[in-house]
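Enquirer: Have a look at this one before I ask anything.
The values are calculated or read from the model by the stated rules, or taken from the named source; none is laboratory data. If you're wondering where the values come from, they're calculated on a predicted model, not measured in any experiment. Just so you know, the surface numbers come from the protein's heavy atoms only, side chains and all, with ligands and any DNA or RNA stripped out. Shrake-Rupley method; radii C 1.70, N 1.55, O 1.52, S 1.80 Å.
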Amino acid sequence: MEVNKAEVKEQIEKAKEGSQSAFNFLLDRFWNTVYGFQLKRIQNEYDAEDITIETFSKAFDKISSFNPDYNFSTWLVTISKNIQIDKSRKKNASIHMQTTEATEEQVHKIVDSTPSPEDRLIREQNLAELLRCIKELKPDYQEIINLRYFQEMSYNEISEALKEPLSNVKVRLLRARKLLLEVITKNRQN
């Protein structure tokens, strides 16, 4: 898809003013660029989608700081690359800590993989808490979270199930995740 620089610049300015249609335009226009970049880097579709969503979320939050002297797609790819690097560092640090902190005694212990009644209660409580938070969202957002995370549908499958364009699904999921994070944060502070 040929990118008309003047049109992109105009849509960025509208997005800076809060125009939802401008955000949709930018998401639709640059989704494949960011997603393709991540897919080549990490070779995992699910993780590439999540990083791409996170990229657009961060970019849209910081759109006012975008300098129009630069290429918008380069800015997005840079944000995406930084998110992926941070995730890799956290994952590697976690693996390193788990492997270096094990004592001889821990290494030789046989682990019982069956969850205790307490473990099950904690998991159920966490799931129950998450479900309560999801129920605080509008029904449209509840539905898309359910389809993506509980039914584990792909974006294309959600698009077909809801009979909505793929770009709408991506934007709605992006908004649903942000709102859910706000609800969870608010509930934990109370």
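Enquirer: If you count only protein heavy atoms and use a 1.4 Å probe, how large is the accessible surface of Thr74, to the nearest 10 Å²?
Expert: 80 Å²
Enquirer: Determine the order of Glu136, Glu54 by accessible area, beginning with the largest, at a probe radius of 1.4 Å.
Expert: Highest to lowest solvent-accessible surface, that is Glu136, Glu54.
Enquirer: Students often get this wrong, so check it: of Lys135/Lys163; Lys16/Lys81; Lys5/Lys87; Lys91/Lys138; Lys5/Lys58, which have C-alpha atoms separated by over 26 Å?
Expert: On the way: Lys135/Lys163 23 Å; Lys16/Lys81 23 Å; Lys5/Lys87 32 Å; Lys91/Lys138 33 Å; Lys5/Lys58 22 Å.
Check vs 26 Å cut-off fails for Lys5/Lys87; Lys91/Lys138.
Enquirer: Taking all protein chains together and a probe of 1.4 Å, list Tyr155, Tyr141 from the most accessible to the least accessible. Present the calculation step by step, with values, prior to reporting the outcome.
Expert: Details: Tyr155 5, Tyr141 30 Å².
Ranking Tyr155, Tyr141 by accessible area, largest first, yields Tyr141, Tyr155.
Enquirer: Next up: If I model the range 33-85 as equal point scatterers sitting on the Cα atoms and use the Debye formula, what is log10 I(q)/I(0) at q = 0.20 Å⁻¹?
Expert: Debye intensities relative to I(0), on a log10 scale: -0.62.
Enquirer: Sticking with this structure for a sec: Taking only the Cα atoms of the range 1-97, how large is their convex hull per residue, in Å³?
Expert: On the way: hull volume 9.9 nm³, N = 97.
Taking the convex hull of the Cα positions in the range 1-97, it is 102 Å³ per residue.
Enquirer: Once the whole set of protein chains is in place, how much accessible area is left on Glu157, using a 1.4 Å probe, in Å² to the nearest 10?
Expert: About 90 Å², rounded to the nearest 10.
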